[in-house]
Amino acid sequence: MTLDLDICHRQGSFTLEARIHSEGRLTALFGQSGAGKTTIINAIGGLIRPSQGRIVVNGRVLVDTQSGIFVPKHKRHIGTVFQEGRLFPHLNVRQNLLFGRWFTPRRERVADFSAIVDLLGIGHLLDRNPATLSGGEKQRVAIGRALLTDPQLLLMDEPLASLDEARKSEIYPYIERLRDEGNVPIVLVSHSVTEIARLATSIVILSDGRVTAAGPAEDILRQTNLFPQTGPAETGALIETHVLHHEEAFGLTVLQTRAGTLTVPLLDLAPGAPLRVRLRARDIILSLQPPEGLSALNVLPGKVSSIGEPDGSSVDVMLDCGGDSLVARVTRKSVERLGLRAGLPVHAIIKSIAFDREAVGRAPTEET
Amino acid sequence: MIDWLSPQEWMAVHLSLKVALTAMAASLVPGIVVALLLERGRFWGRQALDVIVHLPLVLPPVVVGYFLLLWFGKRGPIGALLNEYFGIVFSFRWTGAALACAIMGFPLLVRAIRLSIEAVDRKLEDAAGTLGANRVWVFLVVTLPLILPGIIAGMVLSFAKAMGEFGATITFVSNIPGETQTLPTAIYTFTQVPGGEGGALRLTVVSIVISVAALWVSEWMARRVRRRFLA
């Protein structure tokens, strides 16, 4: 799928000027509240009419203010999952799911009801009333309802923001399956770095109504200066791994990366399962020698690939560990004391409990 | 049981029910449309429409009845037109009583529906739009079911108002037994003649029974609707 968007929208004192081109399977729109993420989603979905601009999805012009084109929302074939679910309270789950079907001509109905119900694990809820569902269940039904309209694009406006951590981890696997098995490209709005690190294949960063960066997830997440609003603590690298084995006696799982093994708290995954892990820059310590007598379990050998611009007392050091790019945040003093420079072999030390639990997610598989 | 009420009393009960049900049914669709216009519409004259709809609530009923007589009477501007082209006559007919009752109950109907429209989450209507429903469908399958409790409440209010309407009815269509004599006007007539206390008392009991039954039915319907939302 391709999404081309170039719009300008004024709402009171807020001005959005965004230009986005994306071909990713799950494009995340990231930024603080008020950055314009939801405005963009609403413009794509047809809930607002941008003051100026053009929106094209898969070659179909949805909005072009110059030639006066504005396709109304009910003719766009774009599914939207809202933050609050927005299930119809007077209909049960099955009726909610089939709502879009009533308005789809019979020959255009492609989505398989039972396949989607299975994918989202909501088969046991079909006869329930939305008021009796938990937050996570509501969001799964909302996702199913949007998918059953056979959308060409699925918009998700912070679908997890109103859920607690436990409920979020309940939904993540479904979104991952959707990204990898579904044929519907997704645009996801989020203000959580861990969320996009786990889910996104490409990322667009918004700040004050403007796009400040855009590109593939791995590239964007490694750039430390792109997340000023979340603070340097959120900077981190994404690496692809797979489960090697479990050490159940200790409650640990061992992951294989290109540079070596990582030990993390026990995961409920079969050996061999692909996994994407996010290593935060502040959780990585650098050592010139292979460390001995240290409690940290994870040591990855590598070499310094570059040293970033100093930010106050600290500086980000980019590492190449057997082909995986890592980033470590250390003090300027340490850089000088250790004599860190590009090409120097180092050891990256990571505490196993430092793993961002939320960011340990299924790796996107490579088929489209 | 039939003997319990005299033929005149039966006629009054029968007529009252006919008038009240007709008034309620006839004002339902206009009531929903006006409530929608007032709550959602952005047009010139909305304020004026609001005032006109609410006038029967604040004017003395006799004044409303007199206006009806002037406008909808056989020689009134609207009454003459309706008579000439459609053969509809209001003055001194039961249809006139129904018209008077409908107009007196209209503000109550509109207010109840309007409140429920105000309470509808418009985000649900947006969501329905993204699922492929155009505006008419959104109204029919989302908005209408959601405002059903308000519509039921409005209908009961309109019915109850019609059952009790006195001033506008008697002014507009008088008090003709079998044609325009409803429960309230019949009770009034009984109290004005010697020996009429028995009839007045019996019709009062009938009035109370009908009102309580209407309230009970509306409560039952509202409960059913609520249960559908929550269970």
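The values are calculated or read from the model by the stated rules, or taken from the named source; none is laboratory data. If you're wondering where the values come from, they're calculated on a predicted model, not measured in any experiment. Cβ sites come from the backbone with ideal geometry, for glycine too, and all protein chains shown count toward neighbours.
Here are some notes:
Every residue, every condition in (1) away from every other protein chain (no Cβ under 14 Å); (2) modelled with pLDDT under 90, yes or no:
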site	(1), (2)
B:GLY150	no, no
B:PHE166	yes, no
B:THR171	yes, no
B:GLY195	yes, yes
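- Number of the exception - A:PRO130 against (1) under 26 Å from the mean Cα position of the chain (by Cα); (2) within 14 Å of another protein chain (Cβ to nearest Cβ): (1)
- Which numbered condition B:ALA133 fails, given (1) buried (at least 22 other Cβ atoms within 10 Å of the Cβ); (2) within 14 Å of chain A (Cβ to nearest Cβ); (3) assigned to a helix (DSSP H, G or I); (4) not β-branched (Val, Ile, Thr): (3)
- In the range A:133-152, the residue that is farthest from the other protein chains (Cβ to nearest Cβ) out of those that are closer than 26 Å to A:SER192 by Cα and surrounded by fewer than 22 Cβ atoms within 10 Å (Cβ to Cβ) is A:GLY136.
- For the range A:76-94, the count of residues that are free of Cβ contacts under 8 Å to residues at least 24 places away in the same chain and more than 14 Å from chain B (Cβ to nearest Cβ) is zero.
- Candidates B:VAL120, B:VAL156, B:VAL110, B:VAL142 - the one that is within 14 Å of chain A (Cβ to nearest Cβ), assigned to a helix (DSSP H, G or I) and at pLDDT 90 or above: B:VAL142
- Any hit, the range B:88-96, residues being part of a helix (DSSP H, G or I) and over 16 Å from the mean Cα position of the chain (by Cα): no
- The residue that is farthest from B:ALA133 (Cα to Cα), among those in the range A:7-49 that are within 14 Å of chain B (Cβ to nearest Cβ), touching a Lys or Arg at 6+ places or on another chain (Cβ under 9 Å) and in contact (Cβ under 8 Å) with a residue 40 or more places away in the chain, is A:ILE44.
- Residues of the range B:22-48 satisfying the condition of being surrounded by 16 or more Cβ atoms within 10 Å (Cβ to Cβ) and among the hydrophobic types (A, V, I, L, M, F, W, C): B:ALA23, B:MET24, B:ALA26, B:LEU28, B:ILE32, B:VAL34, B:ALA35, B:LEU36, B:LEU37, B:LEU38
- Looking across A:VAL71, A:VAL57, one residue alone is within 13 Å of chain B (Cβ to nearest Cβ) and buried (at least 16 other Cβ atoms within 10 Å of the Cβ). It is A:VAL71.
- Subset of the range A:283-320 (residues that are outside any strand (DSSP E or B) and of a type in the set (A, V, I, L, M)): A:LEU288, A:LEU294, A:ALA296, A:LEU297
- Residue list for the range B:152-182, restricted to those being of a type in the set (Val, Ile, Thr) and within 24 Å of B:VAL64 (Cβ to Cβ): B:VAL156, B:THR169, B:ILE170, B:THR171, B:VAL173, B:ILE176, B:THR180, B:THR182
- Selection count where residues are surrounded by 22 or more Cβ atoms within 10 Å (Cβ to Cβ) and touching a Lys or Arg at 6+ places or on another chain (Cβ under 9 Å), scope the range B:150-181: 4
- The residue that is farthest from A:ASP283 (Cα to Cα), counting only those in the range A:219-239 that are modelled with pLDDT under 80 and charged (D, E, K, R), is A:ARG222.
- Taking the conditions (1) under 24 Å from B:LEU148 (Cβ atoms); (2) of a type outside the set (A, V, I, L, M); (3) in contact (Cβ under 8 Å) with a residue 24 or more places away in the chain in turn, A:ARG140 satisfies each one other than (1).
- Residue match in the range A:252-265 (condition: at pLDDT 80 or above and either under 30 Å from A:PRO151 (Cβ atoms) or among the basic types (Lys, Arg) (or both)): yes
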